[in-house]
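Below is one structure, written out as structure tokens; the observations come after it.
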């Protein structure tokens, strides 16, 4: 008899909107793992490991509540909350009735959230108590926790999704203002997972600490992945490094999933002083991670190797890096680092087997090895577009490729290297080649006392000028002259444009709701000169 994973991979009806019901229909043990949340779920206390049956019962209660409110096929319902349980359970219930959940990050500014919700043209909003008070005009259905009062015995049957049905709307980081609303379908958000079901499971995927932003596409992927793999997962409502570190020591995960901002925070800590041996693997998505942060993480934890003497456990963990976005639907690239790795320099690895990637010029023509250009991506995981926004949907398509907004090149081995985001660089196909992300990578690699840094480039008086902001370790001298070291690290072309090198505190750098630096805001602030 085929394994459960094989049966799921072969099921033509499975998709991102019905994984929970399909896993149960294929005979998964109801006493096996469901999900674990860091807050209470109805009558279950925080961190109670819900069994598959208990999870299904709590989702069915919410499905019943939604049906009683008249919510059903194609209704768009926004969810604005902080607790992981509120967001994930609401998502599972809304997709069960055929509705389209739209997930909002709890840190979004109220005015932006109100405008974002207006643009979605929602049927209603589920908002927790704190966020409900911040909305002035949105049609409130209730608080997510209210849904748990429904009667699971009266829940309707699982909605039958077509593969092209929309099943969730998530949003981009909003680095330039109101985020774009990214649509995913039953098929696109499960295509990568269906492929992975046919592959051997990696070390660290049996017990996962989810430190990804909960309303992000990546968390929906992880929920469906662990349900299909019959794995354990604790979902954290906060991605702060202190919270993640405490849960690593207490819950002892084998894998930790997160964004680059969490790894930067963990790298600030003396990890050797903490109990980290349980961690086999770190998995990064979103922006690729910086080498110094990766090196600190792979130095702790343990991993298994197989040699002539059999299976042994050795010091040091794996770090799986890559590049992903809400629009890409899953990490498009992957590369694995260990203590012995030397393939850095913002290498994002090779595309997954289910994806294709290339480097394009402005006309959509493919560029040769070594030439920097626009990253073009093609995959069954790619979002079909932005909700209610055909202008941006087609703006980011070129010659049959999705444009990710990144500048990259590839080498003769097929590995891709990430240089910058298009809006942050000065990098036409002729003229100066000034990259902020690559400059940050080089500074961090060259100056060990710099824990993080931000580089921005602005056009001023007909020339380009570069500002460098350094975040130092607690024991580093903030008055030391690092000018020569920074200029040498970034290279001659960027060094010639440097206007200012300053030391800043972590909270002086503006970030988006997912922790990405808002370089557009910094550029606007500095157009009139260096801030006092």
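The values are calculated or read from the model by the stated rules, or taken from the named source; none is laboratory data. Since the structure is predicted, the reported quantities are computational estimates derived from the model, not experimental observations. Ideal geometry is used to build each Cβ from the backbone, glycine not excepted, and the neighbour counts take in all protein chains shown.
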Original post:
Give me the pairs: first residue in segment 380-397 and free of Cβ contacts under 8 Å to residues at least 60 places away in the same chain, second residue surrounded by 14 or more Cβ atoms within 10 Å (Cβ to Cβ), beta-carbon distance under 6 Å, and six or more apart or on different chains, which are they?
Top reply: 393/385; 393/386
**OP:** Say whether the condition of being touching a residue at least 12 places away in the same chain (Cβ under 8 Å), under 30 Å from residue 45 (Cα atoms) and more than 27 Å from the chain's Cα centre (by Cα) is met by at least one residue in segment 83-106.
**Re:** no
**OP:** Restricting attention to strands (runs of 3 or more DSSP E) lying wholly within segment 341-388, give those where 1 or more residues are closer than 24 Å to residue 103 by Cβ.
**Re:** 373-378
Original post:
Within segment 473-494, is there a residue that is modelled with pLDDT under 95, within 27 Å of the chain's Cα centre (by Cα) and under 22 Å from residue 295 (Cβ atoms)?
Top reply: yes
Original post:
From the residues in segment 439-459 that are in a strand (DSSP E or B) and within 16 Å of residue 423 (Cα to Cα), which one is nearest to the chain's Cα centre (by Cα)?
Top reply: 454
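Between 410, 378, which is touching a strand residue (DSSP E or B) at 6+ places or on another chain (Cβ under 6 Å), within 28 Å of residue 191 (Cα to Cα) and buried (at least 19 other Cβ atoms within 10 Å of the Cβ)? Explain how you work it out, then say what you get.
Working: 378 fails: buried (at least 19 other Cβ atoms within 10 Å of the Cβ).
Being touching a strand residue (DSSP E or B) at 6+ places or on another chain (Cβ under 6 Å), within 28 Å of residue 191 (Cα to Cα) and buried (at least 19 other Cβ atoms within 10 Å of the Cβ) holds for just one of 410, 378, which is 410.
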Original post:
Taking segment 265-278 as the region of interest, how many residues are in contact with a strand residue (DSSP E or B) (Cβ under 6 Å, 6 or more places away or on another chain) and at pLDDT 95 or above?
Top reply: 1
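Look at residue 393 and say whether it is farther than 30 Å from residue 103 by Cα and within 24 Å of the chain's Cα centre (by Cα). Talk me through it step by step, then tell me what you get.
On the way: farther than 30 Å from residue 103 by Cα: no; within 24 Å of the chain's Cα centre (by Cα): yes.
When the stated conditions are applied, residue 393 does not pass them.
Residue-by-condition table, conditions (1) closer than 23 Å to residue 98 by Cα; (2) in contact (Cβ under 8 Å) with a residue 12 or more places away in the chain:
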residue	(1), (2)
2	no, no
23	yes, yes
29	no, yes
36	no, yes
69	yes, yes
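Being touching a helix residue (DSSP H, G or I) at 6+ places or on another chain (Cβ under 7 Å) and over 15 Å from residue 20 (Cα atoms) is the filter here; which residues of segment 157-168 pass it?
Initial filter on segment 157-168 (touching a helix residue (DSSP H, G or I) at 6+ places or on another chain (Cβ under 7 Å)): 158-159, 167-168.
Selection gives 168 alone.
Test residue 130 against the criterion of being part of a helix (DSSP H, G or I), exposed (fewer than 15 other Cβ atoms within 10 Å of the Cβ) and modelled with pLDDT of 95 or more, and give yes or no.
Numbers: part of a helix (DSSP H, G or I): yes; exposed (fewer than 15 other Cβ atoms within 10 Å of the Cβ): yes; modelled with pLDDT of 95 or more: yes.
Spelling it out, residue 130 is indeed part of a helix (DSSP H, G or I), exposed (fewer than 15 other Cβ atoms within 10 Å of the Cβ) and modelled with pLDDT of 95 or more.
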Subject >> Yes/no for residue 346 being under 30 Å from residue 181 (Cβ atoms), touching a helix residue (DSSP H, G or I) at 6+ places or on another chain (Cβ under 6 Å) and touching a residue at least 24 places away in the same chain (Cβ under 8 Å) >> reply: yes
Original post:
Is it true that residue 442 is touching a helix residue (DSSP H, G or I) at 6+ places or on another chain (Cβ under 6 Å), surrounded by fewer than 20 Cβ atoms within 10 Å (Cβ to Cβ) and free of Cβ contacts under 8 Å to residues at least 60 places away in the same chain?
Top reply: no
